[in-house]
Amino acid sequence: MSRPVRIGVQLQPQHAPDYGLIRDAVLRAEDAGVDIVFNWDHFYPLTGDPVGAHFESWTMLGAFAEQTERVEIGALVTGGGYRNPDLLADMARTVDHISGGRLILGIGAGWFEKDYDEYGYEFGTPGTRLALLKDNLARIAARLPKLNPAPTRHIPILIGGGGERKTLRLVAEYADIWHTFADLDVIAHKNKVLADHSADLGVDDARVERSVQWPGLDRAPEFVQAGVTLFTIGVSGPDYDLSTVEKAVAWRDEVNPEPVPGIA
């Protein structure tokens with residue numbers, strides 16, 4: 001295993017009518033030992049009451065940055081059609097500074113039509129949304145070096161999606177982390193596709209961390225064997241039950257290699 005297993009939690013900002021419930025969940029997640037605290041970038045709940053309580057993603061990430069000390073933070077994932085990409089790069093740089101260099105910039109093509117319709121964005125087609133994602137990534141990459149002050153570090157880019165011809169090409173070109181919903185029997189094939197795109201671009205696909213939703217303790221080792229090292233557990237309000245998260249963190253600590261004395 002070339003990189004350690006990491007555990008993320010996605011605190012889904014739905015069904016929490018009091019932001020204090022989310023603030024408390026962030027605190028409990030960091031105390032539980034997770035590596036990353038994600039939210040998501042939607043405007044309405046995805047499950048339960050479709051017009052239930054909900055909060056906006058990037059405003060919340062600024063609060064996460066101030067509240068936490070150790071964990072990385074980010075959206076899993078930012079909707080590519082919701083924001084001007086140059087502005088998004090500036091937002092990411094700002095949260096990067098607020099957090100002291102702990103932001104992950106997650107982005108995808110978008111898929112939840114209600115978000116677009118209710119907030120006045122053009123939903124388009126899968127093809128137009130992927131074309132927009134490609135343009136957005138290029139503009140983000142061009143904007144980040146122009147910002148003053150510069151980001152505190154290379155801000156890791158997480159791309160969500162699994163399309164083999166377009167999305168995985170963008171992963172090969174831009175991503176540090178690839179998040180997929182593919183099951184185990186598909187991941188090996190998609191890894192090969194990503195490796196082929198990377199070879200075409202003259203880059204090393206091993207630099208891209210593989211990420212999936214938590215498959216459970218029984219199946220997680222098989223995903224590690226397939227090259228996955230980042231697992232994320234999603235939890236919703238109002239209670240934000242972290243019991244599964246705590247079990248995943250304990251498993252992570254069992255499977256990660258012990259550090260070698262004298263080697264950082």
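Since every read-out is calculated from the coordinates, none of them should be taken as a lab result. Just so it is clear, the model here is predicted, and its values are computed rather than measured. Quick reminder, even Gly has a Cβ in these numbers, built from the backbone with ideal geometry, and neighbours come from all protein chains shown.
From least to most packed, judged by other beta carbons within 10 angstrom and beginning with the fewest, Trp111, Trp214, Trp58 follow the order Trp111, Trp58, Trp214.
Among beta bridges identified by DSSP and lying wholly in region 6-255, the antiparallel ones come to about 5 percent. Here Leu133, Leu87 are placed in order of increasing Cβ neighbour count within 10 Å, fewest first, which gives Leu87, Leu133. Averaging 1/r across all pairs of distinct Cα atoms in the chain and inverting the result yields a Kirkwood radius of 19.0 Å. By the rule of a C-alpha distance below 20 Å, with chain neighbours fewer than 8 residues away ignored, the aspartates and glutamates paired with Lys190 are Glu164, Glu173, Asp176, Asp200, Asp204, Asp205, Glu209, Glu222.
Computed on the chain, with alpha-carbon pairs under 8 angstrom and 6+ residues apart, the relative contact order is 23 percent.
When Ile107, Ile157, Ile140, Ile98 are sorted by how many other C-beta atoms sit within 10 angstrom of their C-beta, beginning with the fewest, the order is Ile98, Ile140, Ile157, Ile107. Loop-resident GluC sites (Glu not before Pro) (DSSP state other than H, G, I, E or B) in region 41-103 with no more than 15 further Cβ atoms inside 10 Å of their Cβ: Glu56, Glu69. Legend: distances between Cα atoms for Lys114/Lys134; Lys114/Lys166; Lys192/Lys247; pairs beyond 28 Å are Lys192/Lys247.
Taking 0.36 nm per residue of separation and subtracting the Cα-Cα distance, full extension of the segment from Ala182 to Thr125 would add 18.4 nm.
Taking the charge dipole of region 6-255 about its Cα centre, with +1 at Lys and Arg Cβ atoms and -1 at Asp and Glu Cβ atoms, the residue from Thr94, Ala172, Gly20 reaching farthest to the positive side is Ala172.
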